[in-house]
Amino acid sequence: MPSVIALSGSPSTDSRTAHVADYALRRLSLSGHRTEHLAVRELPAAELLAGRAGSAPLRDALSAIADADGVIVATPVYKAAYTGLLKAFLDLLPQSGLAGKAVLPLATGGSLAHLLTLDYALRPVLSALGARHITAGTFVLDGAVERLPAGTGPGGLRARIEPEAELRLIQAVDGFEQALSPGGRLPDRAAHPGAPALRIAAG
């Protein structure tokens, strides 16, 4: 089965964004995919900000991205953009760092005013890095994610997602999984340039 890595760009130690990415990974793992979660905040800050891609932790992180068949790129929205932490890591990828890969963009935020961040801020960067398929992304409102004590959530997850938001996230993950499959293609909704590429998981 294809391997998937989630790249989460929140600086928070209890990030809703990371919880949403974990949910997506769990659904994919139940289908037999090999999964891994890379939280950028856990990488050495000095090496990351200095762009020292040759340091062991960053080299290992970049190798994990290179080895994956699919990448979930998850970020909170700050000031109508993805985080600087995520940008610092994406800047270390080679120009074709996502070539041949399916990519699922996810974002969380406090207001629907930020829901176009995926299409207008993040998607162009992912495209420039050569992603094979950028599947329909999902914006999840912060209020739709309830943090829970460790191990008490569904399937051991540390958060509960409101039903409507959960359904939209499931749809996004299923579309991503379709693109991962051999000969897979984008779901019809994202296959046409004029079609909406964003699902709103508003809770």
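A few remarks follow.
- Search result, residues across the range 91-120 that are among the small types (Gly, Ala, Ser) and under 23 Å from residue 177 (Cα atoms): 96, 97, 99, 100, 102, 107
- Filter pass, residue 106 being touching a residue at least 12 places away in the same chain (Cβ under 8 Å) and under 20 Å from residue 26 (Cβ atoms): yes
- Here residue 110 fulfils each of the conditions (1) open to solvent by 10 Å² or more (accessible area, probe 1.4 Å); (2) touching a strand residue (DSSP E or B) at 6+ places or on another chain (Cβ under 8 Å); (3) modelled with pLDDT of 95 or more apart from (3).
- Residue that is over 24 Å from residue 161 (Cβ atoms), in contact with a Leu (Cβ under 6 Å, 6 or more places away or on another chain) and not aromatic (Phe, Trp, Tyr), where the choices are 118, 98: 98
- Residue that is farthest from residue 65 (Cα to Cα) [pool: residues in the range 84-127 that are part of a helix (DSSP H, G or I) and in contact with a Pro (Cβ under 6 Å, 6 or more places away or on another chain)]: 118
- In the range 62-83, of all residues being part of a helix (DSSP H, G or I) and within 15 Å of the chain's Cα centre (by Cα), the one that is surrounded by the fewest Cβ atoms within 10 Å (Cβ to Cβ) corresponds to 64.
- Flag set for residue 90, criterion: open to solvent by less than 40 Å² (accessible area, probe 1.4 Å), closer than 17 Å to residue 37 by Cβ and in contact with a strand residue (DSSP E or B) (Cβ under 9 Å, 6 or more places away or on another chain).
- Filtering the range 137-164 to residues that are at pLDDT 95 or above, of a type in the set (A, V, I, L, M) and either outside any strand (DSSP E or B) or surrounded by fewer than 16 Cβ atoms within 10 Å (Cβ to Cβ) (or both) leaves only 144.
- Which numbered condition residue 13 misses (of (1) within 24 Å of residue 134 (Cβ to Cβ); (2) open to solvent by 20 Å² or more (accessible area, probe 1.4 Å)): (1)
- The set of residues from the range 46-60 being assigned to a loop (DSSP other than H, G, I, E, B) and surrounded by fewer than 11 Cβ atoms within 10 Å (Cβ to Cβ) comprises just one member, 54.
The values are calculated or read from the model by the stated rules, or taken from the named source; none is laboratory data. It should be emphasised that the depicted structure is a prediction, and the values quoted were computed from it without experimental measurement. A quick note on method: Cβ atoms are made from the backbone with ideal geometry, for glycine too, and the neighbour counts reach across all protein chains shown. Surface accessibility is based on the protein's heavy atoms, side chains included, excluding ligands, DNA and RNA. Shrake-Rupley method; radii C 1.70, N 1.55, O 1.52, S 1.80 Å.
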